[in-house]
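The values are calculated or read from the model by the stated rules, or taken from the named source; none is laboratory data. Source: prediction; values computed, not measured. Cβ coordinates were reconstructed from backbone atoms using ideal geometry, including for glycine residues, and neighbour counts include every protein chain displayed. What goes into the accessible areas is simple: the full protein's heavy atoms, side chains included, and nothing from ligands, DNA or RNA. Shrake-Rupley method; radii C 1.70, N 1.55, O 1.52, S 1.80 Å.
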Amino acid sequence: MRSPLMARVLAAAVVLSLAWAVQGLAAPGEPQAGGVIHVATNAEPGTLDWQSSTATATRLVAWHVFEGLFALDRNYEVKPLLAERYWLSPDELRYTIRLRPRIKFQNGKPVTPEDVIASLERWGKLSSGGRETFKFIKQVKKVDEVTIEIDLVRVFTPLITNLGDPKQAAVIMPRSVVESSGLQPSGELIGTGPYIFKRWTPGQEIVLARNPAYASRSEDWGGLTGRKVAYADEIDFFPVTDPQVRLAGVSTGQYDLALELPQDLYTNVKANSHLAVDIVGVFSWTGAVFNKARGPFTDERLRQAALYAMKPVDLMTAAIGPQEFWRLSPGLFFPEQGGLYSTAGSEIYNHQNLAKARALMKEAGYHGQTIVLMSTKDSSWNNNAAQVLAPELQAVGFNVDSQVYDWPTLLSRRTKQDLWDIFLTGFSPSIDPTAVIFFGSTWPGWYQSAAMDELLSQWAKTPVTDSGARKTLMDKIQVLFYKEVPVAKIGDYFGLEVYNNQHLHGYTSYFDVRFWNTWVTR
Amino acid sequence: MAGYIAGRLAALVPVLLVVGVTVFLLLHLIPGDPASVILGPDASETQIIQLQHALGLDRPLFVQLVLWFDRLLHGDLGTSIFLRQTVVQAIWQHLGPTASLTGLAEALALATAIPSGVLAAWKRNSRFDQAFMLVVLLGVSIPSFWAGLNLIAVFAVAARLFPVAGYVAPSHGVEPWLRSLVLPAVALAFTQAGLIARMARDATIEVLDEDYIRTARSKGLGEGLVLAKHAFRNALIPTLTVIGTSLATLLGGAVVVETVFVLPGIGNLVVQSISRRDYPVIEGVVLFVALVYVLVNLLVDLLYAAIDPRIRY
């Protein structure tokens, strides 16, 4: 006969065994809380103040911490985030925005209309999109403890879209932080997001910790809004500049995800069954920006000539490599962006015509002035594209002086009108024509066009709901883009993110990585 | 001796001043500015001008130089534009990984290079010597970043013995700290070992041809004793010179190795700071490295006297 003690031990063993078995039988793919997500990034941000910087390195960390009134969903359409809903007055000059109840900052204090107003006003001073938007805003005022009103000086339909733009986003932070930071990048990183900023050890790691008090929306909207669950205890971002090391790290499981690998590593990645590939379709498009303030390219015929001299297929092959990672598309926007995508201008884009280019150069009176073409070696695609673009331009008679710089030097030189004629850059997705960066007259390239201003003005008056009118206008904008050629589009290129599918689960592709609704198992 | 040391230390002041002013001017002559980097590629000219003003970068260069120099005279190296900490704090924070890395690399280099160099000299023209020369040639020829990537491929990815990258502070345990340092230290030590071993071999060969070695052997001393007591000590002086200069070279090599292995050391700090044009940090780190270089050289000179009684200061 067994002793009671022995019986208890046996019973405990059976229970433990069952628990073990049940755990083993847990449905695969079942989300589980806990653990740390290790992310190998390609660059360390200059700041984590999302209102201050347009840099991708800032955004992909900051959007775990900060949130705005509105944000993009998985289809790149703007949906409420901190806002519960909004109303538009019949004359379309007043937006009334109601905040979701019981939202708190990560310091435990409630989000008030005063915080929202201070944040929006700072955004209106700091960001290009904010400044553009505030040209149309008469005032932002508090209505009650959960409501604000935005009064416009004239109809401006992209208002809500711009409030949800992830570039230098209109995120909401405590008024005290806004006041102490002023227009300088803020060091106090307090938002409302699912993760809290924990520490930043320069050159080593940025650590975010789960926000236990996060109040999530319930909708399955995806993207940057809707239901967000912070499963992982922590997200650790490691700046790993060498792509081979990022790949090696994700292969061994040291990192769960490696960002922005060079596309020519794709074959190595595919060979490893532990690795999942995320080809990011809405990523960036490459373009040659012309100096329209000074020099030969003030004449639009020469810009058209350069466009006709280019052969995008050669440029993209040289710049990016494997065909899985690029696409020839005339659009200012990506096909995935629905109503914004247009194929207008496709009769000009990707139609190399050397005779026409030479004729346009002759007509414009080009007589061999030096064309300074700037590119950067910090980005391999950029330098590779320049190696092909220079001879293509030379083939039609442009006298090209190709200059290669590091990225900070290129950033600095491109702000000086007398130092360059063309530079190559990538454009991350915009979400509205009024937010296209090179349509602005102060951005390098200095595009000024009464015709484009008029079209953008019409766009800003067209209701978001009038898809027919917006389609017509979008086509007109793109036709004008190909006539005036402020930038010669080369092609869309896709990003390569790689993650360890043994460890990281629930991850979904988007234009930059996010780790809510994502969990780790080890 | 004290007078000699005081004189050498006093000579530090003009050296650091010249280095400081030269670096300041060179840095501000190269294009690029931190405001553009902070704000990102889509920032408008207005934004950049706003931030340049806030950071004081729109002041005339001469004014910036005077302000920097004034702070320097007060022992203030300034504040990092990006890191939100003083330059001294930034250097201190990044010193640990670099000291660990260079210390371990130098120890590995010395532990392998000196015995093998002396042995190769003793077995001059043998198969061992030929193999030694080949390895040494590889050591001085292979760039440390390439050695590093290959070490990662073999020992981290294939064998899974070490982490691919990253640094673990010794406060988290000696074993993980060492594991995070082994591959970078080997990559860095490879070149160093090549240089030191070659010098140790040449110096030992030279000493082994001296009359006093012949005398020692004729007295019936064993080869081991001849090598250890008579040859090695005399061969150490030129080797010490290489070790001294190689310590400074190690700091340069650490820049590359720290970047490949993502070690948050001084090398990584300076690379990041250059790419962001974080002027105060670059100036501070260059001054710091110059100081280390001069002090290491002084230490080597003092060691000469300790090893060779004929040298007196």
Practice task
Run the numbers on chain A and let me know its relative contact order in percent, using alpha-carbon pairs under 8 Å that are six or more apart.
Solution key: 20
Practice task
Give the relative contact order (percent, whole number) for chain B; include only Cα pairs under 8 Å separated by 6+ residues.
Solution key: 26
Completion exercise
Taking every residue of B:158-165, the Cβ atoms of other protein chains inside 10 Å of its Cβ average out to 5
Practice task
Could you list which residues have their amide H under 5 Å from that of A:Phe494, counting only those 5 or more apart in sequence or on another chain, with H placed in the peptide plane?
Solution key: A:Trp326
Practice task
Give the long-range amide H neighbours of A:Leu275: residues separated by 5 or more places, or on another chain, with amide H under 5 Å away, using H modelled in the peptide plane at 1.01 Å from N.
Solution key: A:Asn501
Fill in the blank from the handout: Once all protein chains are kept in place, B:His28 shows an accessible area at probe 1.4 Å, nearest 10 Å², of 40
Problem - 0 to 90° range, to nearest 10: angle between helix A:4-25 axis and chain A longest Cα axis - result: 20
Problem - Buried solvent-accessible surface, both chains (B, A), 1.4 Å probe, Å² to nearest 100 - result: 3600
Practice task
Please say if segment A:171-250 is rounded, prolate or oblate, where rounded means a/c under 1.5 for a ≥ b ≥ c the square roots of the C-alpha gyration tensor eigenvalues, and otherwise the choice is prolate for a/b larger than b/c and oblate otherwise?
Solution key: oblate
Practice task
Please give the FRET efficiency for A:Thr96 paired with A:Lys471, using the beta carbon to beta carbon distance and R0 = 30 Å, rounded to the nearest 0.05.
Solution key: 0.55
Fill in the blank from the handout: Shape descriptor, the protein assembly as shown: equivalent ellipsoid semi-axes (Cα gyration tensor, sqrt 5λ, whole Å, largest first) stand at 53, 36, 28
Problem - Shielding of B:259-265 by partner chains, average beta-carbon count, 10 Å - result: 5
Practice task
Mind ranking B:47-60, A:377-390 by how tightly packed they are, going by the mean number of other C-beta atoms within 10 angstrom, highest first?
Solution key: A:377-390, B:47-60
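Kindly identify segment B:127-212 as rounded, prolate or oblate by the Cα gyration tensor criterion: order the square roots of the eigenvalues as a ≥ b ≥ c, call it rounded if a/c is under 1.5, otherwise compare a/b with b/c, prolate if a/b is larger, else oblate.
Details: a/c = 3.40, a/b = 2.08, b/c = 1.64.
Since a/c reaches 1.5 and a/b is larger than b/c, the shape of segment B:127-212 is classed as prolate.
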Exercise for the section: Run through every distinct alpha carbon pair of segment A:149-216 and return the Kirkwood hydrodynamic radius in angstroms, one decimal place. Expected result: 14.8
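Where in segment A:118-179 are there GluC sites (Glu not before Pro) that are in a DSSP coil and have at most 12 other Cβ atoms within 10 angstrom of their Cβ?
Working: sites: A:Glu121, A:Glu132, A:Glu145, A:Glu149, A:Glu179; in loops: A:Glu145.
Sites meeting the loop and neighbour criteria: A:Glu145.
Between A:Gln458 and A:Lys483, what FRET efficiency comes out of the Förster formula 1/(1 + (r/R0)^6) with R0 = 22 Å and r the beta carbon distance, rounded to 0.05? Provide the component values of the computation, followed by the final result.
On the way: r = 17 Å, r/R0 = 0.76.
After rounding, the FRET efficiency stands at 0.85.
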Completion exercise
Under the Karplus relation with 6.51, -1.76 and 1.60 and θ = phi - 60°, whole-Hz ³J(HN,Hα) for segment A:279-294, x at Gly and Pro, equal 8, 8, x, 8, 10, 6, 10, 9, x, 9, 8, 9, 7, 9, 9, 7
Exercise for the section: Provide the per-residue ³J(HN,Hα) series for segment B:146-163, in order, calculated from phi with Karplus coefficients 6.51, -1.76, 1.60 and θ = phi - 60°, each as a whole number of Hz, with x at glycine and proline positions. Expected result: 6, 4, x, 5, 5, 4, 4, 4, 7, 8, 9, 7, 6, 8, 6, 7, 9, x
Exercise for the section: Heads up, I need the accessible area for A:Met361: 1.4 angstrom probe, whole protein in place, Å², nearest 10. Expected result: 10
Practice task
Enter the angle in degrees (range 0 to 90, nearest 10) between the Cα long axis of helix A:380-395 and the first principal axis of the Cα atoms of chain A, meaning the one along which they spread out most.
Solution key: 10
Exercise for the section: Give A:Lys109/A:Lys142; A:Lys79/A:Lys489; A:Lys79/A:Lys141 a once-over and call out the pairs whose C-alpha atoms are over 24 Å from each other. Expected result: A:Lys79/A:Lys489
Exercise for the section: Provide the per-residue ³J(HN,Hα) series for segment B:63-72, in order, calculated from phi with Karplus coefficients 6.51, -1.76, 1.60 and θ = phi - 60°, each as a whole number of Hz, with x at glycine and proline positions. Expected result: 5, 4, 5, 4, 5, 5, 5, 4, 5, 4
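Rounded to the nearest whole Å², what accessible area per residue is found for the protein assembly as shown with the 1.4 Å probe?
On the way: 34780 Å² over 835 residues.
With the other protein chains kept in place, the protein assembly as shown gives 42 Å² per residue.
Longer than 29 Å from Cα to Cα, which of A:Lys138/A:Lys198; A:Lys356/A:Lys476; A:Lys167/A:Lys377; A:Lys416/A:Lys461; A:Lys311/A:Lys461 are they? Say none if no pair is.
Details: A:Lys138/A:Lys198 38 Å; A:Lys356/A:Lys476 23 Å; A:Lys167/A:Lys377 25 Å; A:Lys416/A:Lys461 34 Å; A:Lys311/A:Lys461 37 Å.
Flagged as over cut-off: A:Lys138/A:Lys198; A:Lys416/A:Lys461; A:Lys311/A:Lys461.
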Exercise for the section: Over the whole of A:33-45, what's the average partner chain Cβ count within 10 Å per residue? Rounded to a whole number, please. Expected result: 1
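Could you tell me how many cubic angstrom of Cα convex hull volume segment B:82-174 has per residue? Mind dumping the intermediate values first?
Details: hull volume 14.7 nm³, N = 93.
Given the Cα convex hull of segment B:82-174, per-residue volume reads 158 Å³.
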Handout entry: Nearest-ten-degree value, helix B:279-307 long axis tilted from longest Cα axis of chain B
Key = 20
Practice task
Compute the FRET efficiency between B:Leu161 and B:Arg127 as 1/(1 + (r/R0)^6), taking r as their Cβ-Cβ distance and R0 = 35 Å, and round to the nearest 0.05.
Solution key: 0.70
Handout entry: For A:Ser402, distant residues with modelled amide H under 5 Å away
Key = A:Leu373
